[in-house]
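Just so you know, all these numbers are worked out from the coordinates, no wet-lab data involved. This structure is a prediction, so every number in the text was calculated from the model and none was measured. Note that each Cβ is placed from the backbone with ideal geometry, even for glycine, and that neighbours are counted across all protein chains shown.
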Amino acid sequence: MAPHVLILPFPVQGHINPLLQFAKRLSFKGPKTTLAITTFIINSINIQTDQVSCAPFSDGYDDTGLNGARDNIEAYFESLRTIGSKTFEELIVKQMSSSCPFTCMVYDTFVPWAVEITEKYGLPCVAFSTQSCAVSSIYYHFNHGLLDLPDSGATVSSHGLVPLERFDFPSFTFRDGSYPALAGLSLNQFNAPQKSDWVLFNSFDELENEVIKCLKEHWNARTIGPTVPSKFMDKRIKGDENYTMNLLKPERDLCINWLNKKPANSTVYVSFGSFANLQEEQTQELALGLKQSNKYFLWVVRASEQDKLPRREEFIEGEDKGLIVAWSPQLEILNHVAIGCFLTHCGWNSTLEGLSLGVPMVAVPQWTDQPTNAKYVEDVWGVGVKVKVDEKKVVRRDEISRCIKEVMDAERSEEIRRNARKWKEAAKQALCEGGTSDENLNEFVEFLNASSCDIN
Ligand SMILES: O=c1ccn([C@@H]2O[C@H](COP(=O)(O)OP(=O)(O)O[C@H]3O[C@H](CO)[C@@H](O)[C@H](O)[C@H]3O)[C@@H](O)[C@H]2O)c(=O)[nH]1
C-alpha cells in the first residue's frame, strides 16, 4: 500500500503554517499527504496548494471558527475535542474504505485526543510539536515533576537547557489559573508519546543540539525544520508560489510597493502574530517608541486591535514613515532587502522565520512559549535583544526605541547581524540535500514506507 499520511494541525494560523509546510516537504519526498482542516477554514479561505490535499472535519463552529469564540476560547477547545473528535473519526472511516486509505497520522501535540481515535484503525501516530525543542522539553519535564520553576534570582539548567531564570519559563508553568484549557493543552501535550514513538520538531539540530539529544532519551525525536517554504530556503520544491494558507487576507501589494521605495536595512517590521492582544497602553507605547526610533516601520495590527492605536498623526510623521496593515505576507516582508529589524512577539514560527531569513530581532514576548524563545534569541543565538518591562509589565517607548537602535545602529548591531547571517545559512543547510533535517525526513519516509507495507 502506498503511504498516505493524515496530518492534523490545531486549527489556528500558528499551527496550520508549520504543518502545511511539513506536509509539502513530505509530499516532495513521495508520500501522499492530506491535511485535516476545520469546515469553517476550508470554506472561508482560498486554499492554493497542489502538493497537499485537504479534508474537512467540524469543530462545531462551522460558520465562525475560532472567531466566533473569541469571548469564550475555553468553550471552543471543548467543542473541538468533543465534536471535533467525532467528525475527525468520520473522516478517517470514509477514507479507510477508499482506494487510498491513510497509513499513518501526524498530529499536532495540541490535539492529543486524535491518538486514541486513530489507533482504533491500526494506524501509527506521530506527534508533531509546533514549539521549540527547549519549550517542549520544559513542558515535558515540568509536567513529569523532573524540572521545577527556579526561585527569583536563581537559575536552572538541566535536560540540555541553557540556564533559565524564572521568567524565562513558558507562562503556563506559573499555573496562575489563566486560560485553563490552553494551559492544560500546553502542559499535557507530551503525555501521549511512548518511548519508541516518533516525535517531530519544527527546529533543526544545529540550533538546539543539546536539547534534542536529551529528548531522544524519551522518544524517537527528530527535527525536521525550519518549516519555512522551500521557495525561501533550498528552492528544491517547484510550484510553491502560493506557499501558505492565510486565515486573514494579506495586503501584499500595499506592503511590497511601500517597501520597494525604502533603502536597504532601513525598516522595522513589527508583528505580534495571529493571537496576541496587546493592552491599549502597550500599543500606544509601542507606537510612540517606533516614532522615537526615527526608523521606517511596517506594523501588522489586526483589524480587531486597531482601535487601540493612537491617532495617526501622533506617531507617523509625514505620509511615508510608517505603514499599518491588518495582515502581511510575512515571509516576503522578512525576505525584503529594506527590512533591517523584526520587532516580534517571538511566537515560534515568527522566531524561526526571522532566524531563517537572517533578520535581527527585537524580542517583545507576551505569554506562552514566547519568553523562552526571546531568551534564546538574545542569549543563545545572539540574533537580537529582548526588551525590559517596567513594574506594570509594560515596555515603555524609550526602551522600544533603545532596543531598535541597539539592533540596527549600535556597535553591537554588527555582531547581531553576523550571527543572523550565520543562522540563516545553517537553517538553509539543514534543509538542503544531506542536511540534518533533510536526512531526518528521509529516515521518516523510510518509516512511512515500511509501516504502510505492514498495514498491507
Ligand atoms: O501579518 C502576518 C503575521 C503573521 N503571519 C504568519 O503567521 C504565523 C504566526 O505564527 P507565530 O509567530 O508562531 O505566532 P502565533 O500566531 O502567535 O502562534 C501561536 O502558536 C505558536 C506555535 O505553537 C506559538 O509559538 C505562539 O506563541 C502562539 O501564540 C507565522 O507563520 C507568520 O509568518 C503572517 O503571515 N502575516
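For helix 133-143, report the angle its Cα long axis makes with the longest principal axis of the Cα atoms of the chain; keep it between 0 and 90° and round to the nearest 10°.
Long axis of 133-143 versus the principal axis of the chain: about 70 degrees.
Whole Å is fine, so just give me how far the alpha carbon centre of segment 59-99 lies from that of segment 217-273.
28
Counting other Cβ atoms within 10 Å of each Cβ, which GluC sites (Glu not before Pro) in segment 284-376 have at most 13 and sit in a DSSP loop?
Glu317, Glu319
Give the Rg (one decimal place) followed by the Dmax (whole number) of segment 252-426, computed from C-alpha coordinates and expressed in Å.
14.6, 42
Taking 0.36 nm per residue of sequence separation and subtracting the Cα-Cα distance, how much length would be gained by fully extending the chain between Asp390 and Asn72, in nm to one decimal?
111.5 nm
Taking R0 as 35 Å, what's the FRET efficiency between Asn43 and Glu443 from their Cβ-Cβ distance, rounded to 0.05?
0.40
With no solvent and one point on each alpha carbon, what is the Debye value of log10 I(q)/I(0) for segment 334-456 at q = 0.10, 0.11, 0.15, 0.16 Å⁻¹?
Once normalised to I(0) and log-transformed, intensities are -0.40, -0.46, -0.71, -0.77.
To the nearest 10 degrees, how steeply does helix 13-28 sit against the main Cα axis of the chain, on a 0 to 90 scale?
On a 0 to 90 degree scale, this one is about 50.
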